Amino acid sequence: MGLFTKDIKTMEDMFVHGLQDIYYAERQITKALPKMIEKATNRDLSAGLKSHLEETNTQIERLEKVFQKLGKEPKAADCPAIDGLIKEADTITAEIDDNAVLDAAIVAGAQAVEHYEIARYGTLIAWAEELGHDDVVRFLTTNLNEEKAANTKLNTVALRKGVNKKAVA
């Protein structure tokens, strides 16, 4: 089922597709984060990314519970948006030799991913509420809150922990 294909006929279909999209995205993120962790030279950045990798695995488990509650098999639908964000981050970070600039680029790439996830979870929560899937809203809300917290931590690393300042120096 592709986004806006004839396979999506109802809001329920759209909701399930959105879940499949974020399920795919979270799984791709678990593959991308170890590469970012390996490249990161800032201790706070590396620790934050490691922590978020663990969180992401838990978020995948929550999504599997959502599918279960809906009586659906957990299934991923290709998400060109997350593939593009990850590819862009990989391409940019591969070209940077200066470690301080590299760390700033990693923060930027990670934040782009977080913003995508925040948007997707926000939409899924609104749809779940509208469709009467109250039993899955808390799982999606927990994931959304973790994504928002991860974004805040990235801001802190960039601004208060000096990643951006070091990249400019």
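The values are calculated or read from the model by the stated rules, or taken from the named source; none is laboratory data. Just so it is clear, the structure is predicted and the values come from calculations on it, not from any experiment. Neighbour counts run over all protein chains shown; Cβ positions are idealised from the backbone, glycine included. What goes into the accessible areas is simple: the full protein's heavy atoms, side chains included, and nothing from ligands, DNA or RNA. Shrake-Rupley method; radii C 1.70, N 1.55, O 1.52, S 1.80 Å.
For region 18-85, evaluate the Debye formula with one uniform point scatterer on each Cα (no solvent term) and list log10 I(q)/I(0) at q = 0.18, 0.20, 0.23 Å⁻¹, rounded to two decimals.
-0.70, -0.81, -0.95
Please check: in the Gaussian network model of the chain (C-alpha springs, under 10 Å), which one of Gln68, Gln111, Gln28 has the largest mean-square fluctuation.
Among Gln68, Gln111, Gln28, the largest mean-square fluctuation in the Gaussian network model of the chain belongs to Gln68.
As a check on your grasp of the helix formula, calculate [θ] at 222 nm for the chain: sum -39500 (n - 2.57) over DSSP H runs of n ≥ 4, divide by the residue count, round to the nearest 500.
Result for the chain: -28000 deg cm²/dmol, rounded to the nearest 500.
Roughly how big is region 118-169's charge dipole about its Cα centre, with Cβ charges of +1 (Lys, Arg) and -1 (Asp, Glu), in debye to the nearest 20?
740 debye
Taking the solvent-accessible surface of protein heavy atoms with a 1.4 Å probe, what is the per residue accessible area of region 45-169 in Å²?
So region 45-169 comes to 53 Å² accessible per residue, rounded to a whole number.
7 Å from Cα along Cα→Cβ at both Lys31 and Thr156: what's the point-to-point distance in nm?
3.1 nm
Treating only the Cβ atoms of Lys and Arg (+1) and Asp and Glu (-1) as charged, compute the dipole magnitude of the chain about its Cα centre; round to the nearest 20 debye.
In total the dipole reaches around 420 debye.
Quick one: what are the phi-derived ³J(HN,Hα) couplings along region 111-120, Karplus 6.51/-1.76/1.60 with θ = phi - 60°, whole Hz, x for glycine and proline?
Here the 3J(HN,Hα) series is 5, 4, 5, 4, 5, 4, 5, 4, 5, 5 Hz.
What is the distance in Å between the Cα centroid of region 63-94 and that of region 104-125?
Each part's Cα centre sits 12 Å from the other's.
How large is the direction-averaged shadow of the alpha-carbon convex hull of region 80-169, in nm²?
Its average projected convex-hull area is 6.4 nm².
What number results when the radius of gyration of the chain, computed over Cα atoms, is divided by 2.2 N^0.38 Å?
Dividing the Cα radius of gyration by 2.2 N^0.38 Å gives 1.10.
What is region 71-169's relative contact order, in percent, from Cα pairs under 8 angstrom and six or more apart in sequence?
32 percent
Taking the Cα centre of region 1-114 as the origin and placing charges on Cβ (Lys, Arg +1; Asp, Glu -1), which of Val113, Leu70, Gln20 is farthest toward the positive end of the dipole?
Leu70
Carbon and sulfur atoms: what percent of the 1.4 Å accessible area of region 73-169 do they account for?
54 percent
Which residue fluctuates most in the GNM of the chain (Cα springs below 10 Å): Ala150, Ala40, Ala126?
Sorting by GNM fluctuation, first place goes to Ala126.
Quick one: what are the phi-derived ³J(HN,Hα) couplings along region 23-36, Karplus 6.51/-1.76/1.60 with θ = phi - 60°, whole Hz, x for glycine and proline?
So the Karplus estimates, Gly and Pro as x, are 4, 4, 4, 4, 5, 5, 5, 5, 7, 7, 4, x, 5, 5 Hz.
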